[in-house]
Amino acid sequence: MTVKRLAEHHLARDDATLAWTEEGTGPAVIWAHGLMSNSYSLEQKGIYNFAPITAAGSRLVRYDARGHGRSMAEAVAAHFTWRHLAGDFLAVANQASPDQTVCAIGCSMGTATILHAATTTPSRFSKLILTAPPTAWETRKAQASVYETSASTIERDGQPAVDALVANMAPPPIFTDLPEFPVEVNRNLLPSILRGAGQSDLPSADAIAKLALPVLILAWESDPTHPIASAERLASIIPGAKLHIAKHVNDVRNWGQLIADFLA
């Protein structure tokens, strides 16, 4: 799918510069993408379709996380943790929508980023859409070990290790007929990015349970990196949260309409 690139805005942060775009008019809905992708990857691959969101009267803000896509950063692993990325999200929200609350859509790392931002600064948010929640709490330790091993191997072996990492990133069964995802990060930053992810976890269940706003959780089946158990746990602890589980890629392609309906 061809997705038109929009005019970019830039936001200076500590040791990073964040690139972001906006499309449509109305209240801001900010999209936070996943690890090693960028703010357009899932749309370009024909997996997510955000057209219904802007058509329904929202202003979609897409930003590249630090070190991803067109956003720059320095190689400091601690600055790629989900808690630190939450500060970047809030900075984008403050620039894109300084006077109004925002709705937020996340995927994987982006979902974790949003949860950290919303649990620390709930007054900035009106609704949350959490897609593909990552491993968390009891299941996080094993995934963290994978990231540390990958980071060390890339530092030792260079580009061949990056190629091997991409080759081993098998998509879940519902996406097997789609093209492979490119790594949309600065390769020199990749070890720090992976270590930052490995040092991260979701906020505590107690903190998440205090969220008092509408939340939609969207997950897909058969993906150990984004297990259904994470989505179900979040749905069980967030008061009033709605959960939808996709069984086919076409279910995921309909998420844009589900999100638009939820935002209405």
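Since every read-out is calculated from the coordinates, none of them should be taken as a lab result. Just so it is clear, the structure is predicted and the values come from calculations on it, not from any experiment. Virtual Cβ from ideal backbone geometry, glycine too; neighbours counted across all protein chains shown.
Annotations for the structure displayed:
- Extents of region 2-107, taken as max minus min of Cα coordinates on every principal axis and listed largest first, are 39, 34, 23 Å.
- Taking 4 °C and 1.567 mPa s as conditions, region 18-69 diffuses translationally at an estimated 115 µm²/s according to Stokes-Einstein applied to its Kirkwood radius (Cα pairs).
- Within the straight-line cut-off of under 13 Å between alpha carbons, the aspartates and glutamates reachable from Lys242 are Glu232, Asp261, sequence neighbours fewer than 8 places apart in one chain being disregarded.
- Loop sites in region 115-199: GluC sites (Glu not before Pro), DSSP, at most 13 other Cβ within 10 Å: Glu180
- For the chain, with +1 on Lys and Arg beta carbons and -1 on Asp and Glu, the positive-most of Ser204, Trp255, Ile238 along the dipole: Ile238
- By DSSP, the beta bridges lying fully in the chain are antiparallel in about 35 percent of cases.
- With both labels modelled 7 Å from their Cα along Cα-to-Cβ, the Leu213 to Ser236 distance reads 2.6 nm.
- Summing Cβ point charges (Lys, Arg +1; Asp, Glu -1) relative to the Cα centre of the chain gives a dipole of roughly 400 debye.
- Whole-number percent relative contact order across the chain, with pairs defined as alpha carbons under 8 Å at least 6 apart: 22
- Estimated vicinal HN-Hα couplings, Hz - region 73-78 in sequence order (Karplus 6.51, -1.76, 1.60; Gly, Pro = x): 6, 9, 7, 10, 4, 4
- A DSSP coil position with no more than 16 other Cβ atoms inside 10 Å describes the following trypsin sites (Lys or Arg not before Pro) in region 148-239: Lys210.
- About its Cα centre, the dipole of region 1-82 is roughly 220 debye, where the only charges are +1 on Lys and Arg Cβ and -1 on Asp and Glu Cβ.
- Net charge dipole, region 144-264: roughly 300 debye, given to the nearest 20, about the Cα centre with Cβ charges of +1 for Lys and Arg and -1 for Asp and Glu.
- Shape index of the chain: Rg/Rh, with Rg the Cα radius of gyration and Rh the Kirkwood radius from the inverse mean 1/r over Cα pairs, equals 0.93.
- Residues within the reach of a label modelled at Asp206 (point 7 angstrom out along Cα to beta-carbon, backbone nitrogen below 19 Å), restricted to region 134-149, are 137-138.
- Fluctuation leader among Asn168, Asn49, Asn38 - the chain, Gaussian network, Cα springs under 10 angstrom: Asn168
- Where only DSSP H runs of four or more residues are counted, the chain gives -11000 deg cm²/dmol as its mean residue ellipticity at 222 nm, each run worth -39500 (n - 2.57).
- In this structure, Arg187 and Ala12 have a Cβ-Cβ separation that, at R0 = 22 Å, corresponds to a calculated FRET efficiency of about 0.40.
- Cβ-derived FRET efficiency at R0 25 Å, Glu138 paired with Met169, nearest 0.05: 0.60
- Each eigenvalue of the Cα gyration tensor of region 131-264, multiplied by 5 and square-rooted, gives one semi-axis; in descending order these are 29, 20, 12 Å.
- Here region 229-264 is scanned for amide nitrogen atoms under 14 Å from the site 7 Å beyond the Cα of Thr101 along Cα-to-Cβ, giving 263-264.
- If a spin label sat at a point 7 angstrom from the Cα of Ser145 along the line to its beta carbon, the backbone N atoms of region 221-249 nearer than 17 Å would be those of 224-225.
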